[in-house]
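Enquirer: Would you mind keeping the following structure in view while I ask a few things?
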Amino acid sequence: MKVVFGMDTSFWNVIWRGNRCFRLKYPRLFMISDQKEAKVGEVGVMTEWGRDWRFIWRRNLFVWEEELLSSLTEDLEGMIWSSNEDLWRWNLDDNGVFTVKSVMRGFKVW
């Protein structure tokens, strides 16, 4: 998933940064989140200085959970926003478009 605006993509449940969804990479944070169904664009809100990550937790974080949150925010660094819609991108093709040929290149024929 290529996220550009963030209103079509689940923050926790879709792989959109890195190679795992944040629900699996940060299960403890997911457990205490009050935004389990939130979209990326609902967690990353617009401020006068640009986008800011606003997390809502069921309770205050423990010190070790603050360290997890720090790792999560590092994973989010460099996010480039736009007003376009989010879109799916096929990683097996240089153009990002799904083709049978790109799938077949991934398999070795015996």
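What follows draws every value from the coordinates through simple rules; no lab data is involved. As the structure is a prediction and not an experimental result, all values here were calculated from the model. Cβ coordinates were reconstructed from backbone atoms using ideal geometry, including for glycine residues, and neighbour counts include every protein chain displayed.
Enquirer: Check each of the GluC sites (Glu not before Pro) in the range 15-52 and keep only those in coil by DSSP with at most 12 other C-beta atoms within 10 angstrom; list them in order.
Expert: 37, 48
Enquirer: Any chance you could run the full-extension gain for residue 37 through residue 75? It's 0.36 nm times the residue separation minus the Cα-Cα distance, nm to one decimal. Before the final figure, lay out each step's value.
Expert: On the way: separation 38, 0.36 × 38 = 13.68 nm, distance 1.94 nm.
Difference between extended and current length: 11.7 nm.
Enquirer: Want the number for residue 64 to residue 28: 0.36 nm per residue separation, take away the alpha-carbon distance, what's left?
Expert: Length difference between fully extended and current span is 11.9 nm.
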